Amino acid sequence: MFYIGYLSQQDNLNYISPMITETVKAQINGTDQRLARLLFKVAVELGKLTHLLAAVNDVDDETLRQLLVMCINEVRKINGTIDCEVAVRYQTE
C-alpha cells in the first residue's frame, strides 16, 4: 500500500514527509507520557520521604531555609545529578 501511494505521487517527498512527521510525533508523545508517569512516581516517593523526615526531626525555620539554599546551589552545581554517597559523606563530616 505504501509503495503504491509512493509511486502514484508526482512529488515523492509530499507523500513520505507527513508519514515521517506523524511517526516522530507519536514517538515523542509516547516518551512524554512515560516521562510524566515516572516523574509522578518520583514526586510521590519524594513526598513520602519528606514527610517521614519531618516527622522524626525537629528542624527550625532558619535551618530549613539554609538547607533550601544549600540544595538549590548543589543541584545547580551538579546539574541535577544527585549522588547519595556524596551526600552521606557531606553529612557525616
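Any read-out appearing in this document is the output of simple, stated calculations on the displayed coordinates, not a laboratory observation. In this text the structure is predicted, and so the values were computed from the model without any measurement. For neighbour counting, all protein chains shown are included, and Cβ atoms are generated from backbone atoms with ideal geometry for every residue, glycine included.
Scan segment 53-74 and report the pairs whose first residue is closer than 21 Å to residue 86 by Cβ and whose second residue is not polar (S, T, N, Q), with Cβ atoms within less than 8 Å and a gap of 6+ or a chain change.
Correct list of pairs: 67/59.
Tally time: how many residues in segment 16-60 are outside any helix (DSSP H, G or I) and surrounded by 10 or more Cβ atoms within 10 Å (Cβ to Cβ)? First the steps, then the outcome.
Step one: list which residues in segment 16-60 are outside any helix (DSSP H, G or I), which gives 57-60.
Those still in the list that are surrounded by 10 or more Cβ atoms within 10 Å (Cβ to Cβ) too: 59.
Counting residues in segment 16-60 that are outside any helix (DSSP H, G or I) and surrounded by 10 or more Cβ atoms within 10 Å (Cβ to Cβ) gives 1.
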